[in-house]
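A quick write-up on the structure given underneath.
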Amino acid sequence: MTNAELIWRIAGGSGDGIDSTSQNFAKVLMRSGLDVFTHRHYPSRIRGGHTYVEIRAQADGARSRGDGYNFLLALGDSFARSPEQEAYYGNEELKPLTENLDDLRDGGIVVYDEGLIDIDDANAELERPLEDLAAEHDWHVYPLDLRSLANEHGREVMRNTAGIGATAALLDLDLEPFEGLMSDAMSGDTLEANLTILEAAHERVNEIHDVDHDIDVPAGDHDEDQILVTGSHGVAYGALDAGCRFISGYPMTPWTAVWTIMSQHLPDFDGVAEQVEDEIAAAGLAIGASHAGVKAMSGSSGGGFALMSELLGMAEMTETPVVLVEAMRAGPSTGLPTKPEQGDLDHVLYSSQGDSNRIVFAPANPAECYRQTRRAFKLAYEYQLPAIVVIDQKLSGEYRTIPDRVFTEREPNPDLGTVLTEAEIADAAHDESGKYLRFQHDADDGVVPRTLPGQEGGHFLASGNEHNEAGHIEEDPANRRMQVDRRMAKLTAVREELNESGTHQTRHGPDDADLGVLVWGSQQDTVFEAVDRLNDGGTTIRALGVSELMPFPERDVESFLAAVDEAVVVEMNASGQFRGLIQRELGAYGDELTSLLKYDGNPFEPAEVVNGVRAVVTADSTEAPETTRLEPGAAD
């Protein structure tokens with residue numbers, strides 16, 4: 001909100017090194033003692049198209065995207081489409097400058113590459129010339145020919161390095177940390193060229209510009225070791241520490257990030273990663289590997305997960321544990337392939353045939369991704385059913401600092417859950433044919449211990465049809481009722497275990513507040529920042545972040561709603577799917593819920609939540625941001 005934070009945005013074209021450059025800058029800020037949070041925006045084109053990354057750095061507590069930003073490094077787009085396509089896409093060379101000014105705060109800094117961005121062309125695209133806008137908003141504009149600097153000392157693609165040198169000069173940052181990162185990542189002539197360009201750009205700023213602005217890099221000091229990771233890292237590391245040794249998948253944004261990290265690390269754990277021809281095969285291989293006795297996972301994004309629905313039902317019917325990741329993006333169909341949305345909740349909860357019998361978790365940040373993925377494996381293999389970890393494009397790709405201890409506070413757990421030894425199989429119940437009674441009716445918590453292929457005396461039939469106790473296809477009504485009741489009893493047992501092991505929903509704000517906010521998944525920490533601002537501004541409010549979606553945490557959500565007079569449900573979709581789930585599970589509170597929805601391809605900013613809640617408090621929907629939609633409760 002103030003100069004107590006730096007929010008630096010680097011904008012260019014896909015292929016201009018925006019992502020790698022921003023990661024290195026984020027690492028430097030983290031290593032200087034700051035908390036860091038990144039937000040990435042990119043097009044759904046393989047190469048080319050306007051993209052940017054924001055880095056928010058604070059001394060403490062950078063946990064969400066900020067409201068706007070205060071430093072723009074506009075490189076231009078060197079991979080722009082040809083001029084004859086401008087009728088559809090405009091002049092893409094200019095977009096890293098012209099399409100980023102609306103969010104720049106008053107008093108902010110603009111650095112643009114005048115070697116690629118023609119300011120006269122840019123002014124023709126803007127509502128008013130940049131010089132006039134800068135005067136109105138007190139922007140400090142520093143044009144630099146980064147392109148020439150890069151070509152003079154190396155190659156044009158090194159313009160991003162020149163941009164870092166200019167940033168360091170304007171923010172009075174030491175170049176040594178950047179040089180160290182470059183030395184770790186490259187060598188030889190490439191390293192020497194980048195180092196020269198970095199220093200040359202730093203010197204050029206001081207030679208040609210009088211630096212005069214109020215933007216400072218805050219000072220910070222971490223009390224414990226920090227690492228910079230995404231939600232995808234959290235899921236992958238959680239799976240590895242849970243003992244997962246097999247993954248099968250087919251690339252699809254944004255699931256690909258989890259798949260890639262797992263594929264890179266599994267060989268170090270004697271594990272196997274298989275890229276297959278489609279998502280149907282991916283789900284089938286994971287279920288087969290689990291049936292054979294390996295902790296296994298697969299996943300996809302919305303369209304690919306749809307293909308997995310038949311296999312998901314088979315895992316439920318055969319009671320084969322498996323963990324799936326559903327990385328949401330905006331739909332329907334291919335929708336906005338690289339933009340975040342929380343539109344797949346109903347899809348994940350109810351996809352496949354018949355009554356759903358699965359666990360669904362929606363972690364909110366990388367730490368929760370790690371812990372909830374480990375918990376998903378534990379419960380899936382203990383209760384023999386699928387568990388689904390739901391993330392989205394936002395959580396999948398945003399880097400943030402978290403304590404290193406998150407990944408070291410518990411030992412890895414390779415336990416396969418409820419699996420019999422051969423000695424136990426010998427004493428277990430078998431039918432007349434000698435088959436193990438794998439699907440006995442009378443298990444207290446619905447769980448019958450399973451056997452693995454090759455174990456003596458453990459053979460049984462695993463059929464996607466309804467079956468009797470030994471696995472033979474069976475259509476007897478009494479058997480059907482008993483098998484369904486036993487499978488559904490698992491969800492009750494899972495819910496009881498979760499309740500007994502301590503709440504996994506996250507509470508935030510004063511306990512005596514009469515106004516509440518409910519949120520799930522990746523928007524949680526944004527909402528928590530908004531709650532802090534509202535409380536600081538005199539609106540007393542509390543929040544509950546829900547990460548367990550099936551079995552539904554009725555106790556936690558009901559106690560929260562019973563303690564407030566009204567609650568706002570914040571989510572990134574158009575149909576209020578989480579609100580619908582609450583109403584389905586707790587119909588008595590339906591009239592007290594108001595939805596604050598956003599579905600334009602961008603995640604919430606804290607100010608949008610603040611203003612949306614204020615619109616509810618004042619009963620004036622015009623106060624809600626234009627980027628959101630309020631849907632009042634049925635009683636309003």
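Structure data summary
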{"read-out": "Extreme residue, farthest from SER298 (Cα to Cα), among residues of the stretch 229-278 that are part of a loop (DSSP other than H, G, I, E, B) and among the acidic types (Asp, Glu)", "value": "ASP270"}
{"read-out": "Cβ pairs under 6 Å, 6+ apart, first in the stretch 65-88 and part of a loop (DSSP other than H, G, I, E, B), second of a type in the set (Phe, Trp, Tyr) and at pLDDT below 95", "value": "ARG81/TYR89"}
{"read-out": "Members of the stretch 334-352 that are of a type in the set (Val, Ile, Thr) and out of contact with any strand residue (DSSP E or B) (no Cβ under 6 Å at 6 or more places or on another chain)", "value": "THR334, THR338"}
{"read-out": "Helices (runs of 4 or more DSSP H) wholly inside the stretch 321-439 containing at least 1 residues that are without any contact (Cβ under 8 Å) to a residue 60 or more places away in the chain and among the aromatic types (Phe, Trp, Tyr)", "value": "345-350"}
{"read-out": "In the stretch 13-58, the residues that are farther than 17 Å from HIS222 by Cβ, at pLDDT 95 or above and part of a strand (DSSP E or B)", "value": "THR38, HIS39, TYR52, VAL53, GLU54"}
{"read-out": "Positions within the stretch 536-565 being crowded, with 17+ Cβ neighbours inside 10 Å and under 16 Å from HIS508 (Cα atoms), in sequence order", "value": "ILE541, ARG542, ALA543, LEU544, GLY545, VAL546, SER547, ASP556, VAL557, PHE560, LEU561, VAL564"}
{"read-out": "Filter pass, ALA257 being surrounded by 16 or more Cβ atoms within 10 Å (Cβ to Cβ), assigned by TED's automatic domain parsing to the domain that holds SER333 and within 23 Å of GLU341 (Cβ to Cβ)", "value": "yes"}
{"read-out": "When residues of the stretch 517-535 are limited to those that are touching a helix residue (DSSP H, G or I) at 6+ places or on another chain (Cβ under 6 Å) and of a type in the set (Gly, Ala, Ser), the one surrounded by the fewest Cβ atoms within 10 Å (Cβ to Cβ)", "value": "ALA530"}
{"read-out": "Residues satisfying the stated conditions in the stretch 362-382, i.e. surrounded by fewer than 24 Cβ atoms within 10 Å (Cβ to Cβ) and in contact with a Lys or Arg (Cβ under 7 Å, 6 or more places away or on another chain)", "value": "none"}
{"read-out": "Counted residues, the stretch 278-317 - those being under 18 Å from THR253 (Cβ atoms) and surrounded by fewer than 22 Cβ atoms within 10 Å (Cβ to Cβ)", "value": "4"}
{"read-out": "Residue list for the stretch 152-192, restricted to those being over 34 Å from the mean Cα position of the chain (by Cα) and without any contact (Cβ under 8 Å) to a residue 12 or more places away in the chain", "value": "GLY188, ASP189, GLU192"}
{"read-out": "Condition check for ALA242: touching a strand residue (DSSP E or B) at 6+ places or on another chain (Cβ under 9 Å), of a type in the set (Gly, Ala, Ser) and within 24 Å of GLU409 (Cβ to Cβ)", "value": "yes"}
{"read-out": "Any chance ASP184 is within 20 Å of GLY12 (Cα to Cα) and in the same structural domain as ASP77 (by TED's automatic domain parsing)", "value": "no"}
{"read-out": "ILE55 vs. criteria within 25 Å of LEU195 (Cβ to Cβ) and crowded, with 20+ Cβ neighbours inside 10 Å", "value": "yes"}
{"read-out": "Among the residues listed as ARG579, ARG507, ARG584, ARG542, the single one being closer than 23 Å to PRO632 by Cα and not in a helix (DSSP H, G or I)", "value": "ARG542"}
{"read-out": "Among (1) assigned to a loop (DSSP other than H, G, I, E, B); (2) farther than 18 Å from LEU515 by Cβ; (3) among the hydrophobic types (A, V, I, L, M, F, W, C), the one test that LEU549 misses", "value": "(1)"}
{"read-out": "In the stretch 451-507, the residues that are closer than 26 Å to ASP427 by Cβ and among the small types (Gly, Ala, Ser)", "value": "GLY454, GLY457, GLY458, ALA462, SER463, ALA470, GLY471, ALA489, ALA493"}
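Conditions (1) surrounded by fewer than 22 Cβ atoms within 10 Å (Cβ to Cβ); (2) in the same structural domain as GLU585 (by TED's automatic domain parsing); (3) among the aliphatic types (A, V, I, L, M); (4) within 18 Å of the chain's Cα centre (by Cα), marked per residue:
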residue: THR320; (1), (2), (3), (4): no, no, no, no
residue: ALA327; (1), (2), (3), (4): no, no, yes, yes
residue: ALA330; (1), (2), (3), (4): no, no, yes, yes
residue: THR338; (1), (2), (3), (4): yes, no, no, yes
residue: TYR350; (1), (2), (3), (4): yes, no, no, no
residue: GLN353; (1), (2), (3), (4): yes, no, no, no
residue: VAL360; (1), (2), (3), (4): no, no, yes, yes
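The values are calculated or read from the model by the stated rules, or taken from the named source; none is laboratory data. Just so we're clear, the structure is a prediction, and the values are computed from it rather than from any experiment. Glycine gets a Cβ as well: all are built from the backbone with ideal geometry, and neighbour counts include every protein chain shown.
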